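Written below as structure tokens is the structure these notes are about.
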Protein chains: 2
Amino acid sequence: MADLASVAKRAGVSRATAARAFSSPELVRDQTREKVMAAARELRFRPNTVARQLRAQATRMIGVMVPSLDNPVFAEQLQAMEVAARERGYSLLVTTSEYDPARESDIVESMLRQRVDGLVLTVADAEQSPLLASLRRESTPCLLVYNPAGTSGFPSVGVDNRAASEAATRHLIDLGHTRIGMVAGPLLQSDRARQRFEGYCQAMQSARLTPCALVEMPRHTRAELAPLEGQLKSQQPLTALIATNDLLAISLIGELTRAGFKVPGDVSIMGFDGIALGKCLYPSLCTIEQPRAEIGREAVNALLALLEGEQHAPPLLAYTLRDGESVAPPVSSSAPCPTQRGSHHA
Amino acid sequence: MADLASVAKRAGVSRATAARAFSSPELVRDQTREKVMAAARELRFRPNTVARQLRAQATRMIGVMVPSLDNPVFAEQLQAMEVAARERGYSLLVTTSEYDPARESDIVESMLRQRVDGLVLTVADAEQSPLLASLRRESTPCLLVYNPAGTSGFPSVGVDNRAASEAATRHLIDLGHTRIGMVAGPLLQSDRARQRFEGYCQAMQSARLTPCALVEMPRHTRAELAPLEGQLKSQQPLTALIATNDLLAISLIGELTRAGFKVPGDVSIMGFDGIALGKCLYPSLCTIEQPRAEIGREAVNALLALLEGEQHAPPLLAYTLRDGESVAPPVSSSAPCPTQRGSHHA
DNA sequence: TCCAAAAATGAGATCGATCTCATTGGTGAT
DNA sequence: ATCACCAATGAGATCGATCTCATTTTTGGA
């Protein structure tokens, strides 16, 4: 591959001039620039970004670590980040951690060696993460996504999980539900899952209702459904479930429907995240929508602001309660509602 | 950030020795290596990959361009690619094109400037792409994903779209469907969409059935549904639809259900891609499953093989017809078939 | 003990672009 | 005609690691 030196030689100018023809054309006489460009074309010259990065001590690359791209909530965020980064002349080095702490550390180490200008991370639990603790000693700007800001010391982009979960729960309560459960997928121990559960408890207690214990379904499997089915068939059945994420909510709707329950007739299901697909389904998913695209864009913007030395702490972004067909008022015997719809069971 | 030179000085050795302590420890006396490592630790030295890349004329980075991460089929492929690449010491530079030719060119140009060791691309139409035409003149190895190999001159990883689509159609025919339509989302002009439509036509004709014109729904909107509804309510209603991708199939199920049709009672819906979520839905999505993870892994393997000079042309991968609840035999008045199974066509 | 061979280390060049700091050339003012 | 100034250009150093090719040290055998 031709380099600037050969272009310069061919154009009959010095390397410095050739370089200027590309990076600061206004410093070069038109005629000279033409010569350089012509030579570059003939030699099929293509600037070597690596050399520029080394010299400039900046890569214009952002290191991104998400837990998994199999969950659309991260894929959609990344999509928006990529667009935003490209607009501003940055590229993304993308990695997935599967929430594996060892892998998280390896990844971040290799990104730091690659001299990314900044990091955008999503970890399981920002408060507990030894990785973040050690990152605090580094000079590379770092920004969290989806993790609550908390005490980790890093700015974070996301929504107020606790408030959002409270709002979700209240929505169900307002519809008349009183026996509401929360179902968690894997990552019970994540900071978000915790906050979402707290929000749920808070809302229940404010309404003088009793929060139920968290139902755990780490693997979304049918077997794990059994205890839940039990609770749905009991004397005092749950009439609404909040899943800690949309993927789980969608599986729940599928499995429960298959098991003979009607959603939302027998049980309302509420999700959390707001993945795009939720809107297309029937029943459409009622969920707390995190603005994934905005989160991605804002993550890029806030990180680049940090890079430029501004202490632009990104604000909490607004979540939306997206209504959907998976949630409806309860049709329980205990609810003395006149115009009750779908009076299926006793 | 401390560099090797300062580590070397501190350890009282030359830069060459310090470098060796890291990259070829066996060439350095244990005692010397210890000194170097100690100095590195004290100075918090972290090797600069950019410098190594420049010197080595290799970046161990793969440039990946997918149309969009909002479609899980690409996100899932990318997830697998990332894992496979990391295992082999490579990183991914990830970009999204939205199938915009101008953006595709910009992206590839910037990746070439970044001196990625290889490219993994998915384009709208490999045969027509001017980008690919010009890429053929470059020395950077390039591999297509999802695009059929065809005449583009690049090896490609994916399934036989035509055969897969034919199989999907035959599956419906075997179930007794005779009036089967195909619905396409955006990207009618993509090479895959074309092949899938051909496969459909082929299967229909083989069964002496009349292929219908492709129904276009570029935006998945409700308005676009009208013509389709017409065809479903006609005298000779379509009893099965094949969508050109899963996202579209899922929206179709949702919208049609909402419009009062029963899936699969009134109309069977078949997808194409096999995104993970399809299995969780109710009705679960009957679809042609492309092995997304395998495609991702194989793309990395084949590209790295190319890098090492092997002419390891990746084979077509096997698709699977994944059965699902969205498809059932037709319940049409015109079908006088008691136990008929697949004995339809001459 | 001494030499040859092997092991360990060092000096200097290299990858490609760009920055700093001269130096040259040209213009207008006096 | 001469000087001052600005625009244009060039020479050389720099970013950090690593490669090549000496040179030094160590080791083992005679």
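Points to keep in mind about this one:
Conditions (1) over 17 Å from A:Asp3 (Cβ atoms); (2) surrounded by fewer than 21 Cβ atoms within 10 Å (Cβ to Cβ); (3) in contact with a strand residue (DSSP E or B) (Cβ under 9 Å, 6 or more places away or on another chain), marked per residue:
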| position | (1), (2), (3) |
| --- | --- |
| A:Met37 | no, yes, no |
| A:Arg46 | no, yes, no |
| A:Arg55 | no, yes, no |
| A:Ala58 | yes, yes, no |
| A:Gly63 | yes, no, yes |
| A:Gly89 | yes, yes, no |
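- Residues within the stretch B:172-196 that are within 27 Å of B:Val331 (Cα to Cα), in contact with a strand residue (DSSP E or B) (Cβ under 6 Å, 6 or more places away or on another chain) and part of a helix (DSSP H, G or I), tallied: 1
- Some residue of the stretch B:51-59 being more than 16 Å from DNA strand D (Cβ to nearest atom) and within 14 Å of chain A (Cβ to nearest Cβ): no
- Residue pairs whose Cβ atoms lie under 6 Å apart, separated by 6 or more positions or on different chains, with the first residue in the stretch A:135-148 and away from every other protein chain (no Cβ under 14 Å) and under 28 Å from A:Arg196 (Cβ atoms) and the second open to solvent by 10 Å² or more (accessible area, probe 1.4 Å) and in a loop (DSSP other than H, G, I, E, B), are A:Cys142/A:Phe154; A:Leu143/A:Pro155; A:Leu144/A:Phe154.
- The single residue among A:Arg103, A:Arg137 that is farther than 28 Å from A:Glu310 by Cβ, outside the structural domain of A:Ala11 (by TED's automatic domain parsing) and more than 16 Å from DNA strand C (Cβ to nearest atom) turns out to be A:Arg103.
- Residue within the stretch B:98-105 that is within 10 Å of another protein chain (Cβ to nearest Cβ) and under 18 Å from the mean Cα position of the chain (by Cα) present: yes
- Of all residues in the stretch B:183-227, those satisfying the criterion of being open to solvent by 60 Å² or more (accessible area, probe 1.4 Å), among the basic types (Lys, Arg) and out of contact with any Leu (no Cβ under 9 Å at 6 or more places or on another chain) are B:Arg208, B:Arg219, B:Arg222.
- Selected residue (criterion: most open to solvent (accessible area, probe 1.4 Å)) from residues of the stretch B:236-259 that are away from chain A (no Cβ under 14 Å) and in a loop (DSSP other than H, G, I, E, B): B:Gln236
- Some residue of the stretch B:11-27 being open to solvent by less than 100 Å² (accessible area, probe 1.4 Å) and more than 13 Å from DNA strand C (Cβ to nearest atom): no
- Residues considered: A:Thr49, A:Thr59. Of these, the only one that is under 23 Å from A:Glu82 (Cβ atoms) and either within 9 Å of DNA strand C (Cβ to nearest atom) or modelled with pLDDT under 95 (or both) is A:Thr49.
- Being within 12 Å of another protein chain (Cβ to nearest Cβ) and of a type in the set (Lys, Arg) holds for only one residue in B:Lys233, B:Lys262, and it is B:Lys262.
- The set of residues in the stretch A:106-134 being part of a helix (DSSP H, G or I) and either away from every other protein chain (no Cβ under 13 Å) or over 21 Å from B:Val50 (Cα atoms) (or both) consists of A:Pro130, A:Leu131, A:Leu132, A:Ala133, A:Ser134.
The values are calculated or read from the model by the stated rules, or taken from the named source; none is laboratory data. All figures in this text were calculated on a predicted structure; none of them were measured in a lab. Heads up, the Cβs are rebuilt from the backbone with ideal geometry, glycines too, and the neighbour counts pull from every protein chain shown. Surface accessibility is based on the protein's heavy atoms, side chains included, excluding ligands, DNA and RNA. Shrake-Rupley method; radii C 1.70, N 1.55, O 1.52, S 1.80 Å.
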